[in-house]
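Data block below; observations after.
Rule-based calculations on the coordinates, nothing more; no lab input. Just so it is clear, the model here is predicted, and its values are computed rather than measured.
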Amino acid sequence: MALIGEIIVSVLLVVGGFFGFVGSYGLVKLPDPMTRLHAPTKAATLGVGAVLLASLVWFPTQGGHLTWHELLITLFLFLTAPVTGNVIAKANMHMNWRPDEIPTPAPGHKWSTFGDPEHESRQGR
């Protein structure tokens, strides 16, 4: 059982390291803030999640006791990373984009980020 646990932990650590590397490389090399946003919220989140799952597998196979801290941290990370990415994207849109730079929404609809009357009055509409 210990050998199988070590193999699973090793695979998860390599996968976590790969996704962590891809996320950090994308954060540095992608051209603008909106594309750079995807690197840490997608790839790096999967990398940290794989490392936490490796820790979740390691303790029962090596130490004999089960811990749930890693599972709770992983769930919290997977729930909060998309919300954080959405908030950062909306902040970037408000700070750097004008409403005429955003693609036209479907007829009869407005973008939720630029649909409030207060924002339209600040933009001079």
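A few points about this structure:
- Hits among lysines - C-alpha to C-alpha of Lys110 under 21 Å, sequence gap 8 or more where chains match: Lys90
- For semi-axes √(5λ) of the Cα gyration tensor in Å, calculated from these coordinates, the label among (1) 22, 20, 14; (2) 42, 16, 10; (3) 20, 17, 14: (2)
- With Cα atoms, 0 to 90° folded angle of helix 69-96 axis to the chain main axis: 20 degrees
- Relative contact order (%) - criterion: Cα under 8 Å, at least six apart; region: the chain: 23 percent
- For Arg98 and Ala2, the difference between the fully extended length at 0.36 nm per residue and the C-alpha to C-alpha distance is 28.8 nm.
- Per-residue [θ]222 nm for the chain (sum of -39500 (n - 2.57) over DSSP H runs n ≥ 4, rounded to 500): -21000 deg cm²/dmol
- From the alpha carbon centroid of segment 3-38 to that of segment 45-114 is 14 Å.
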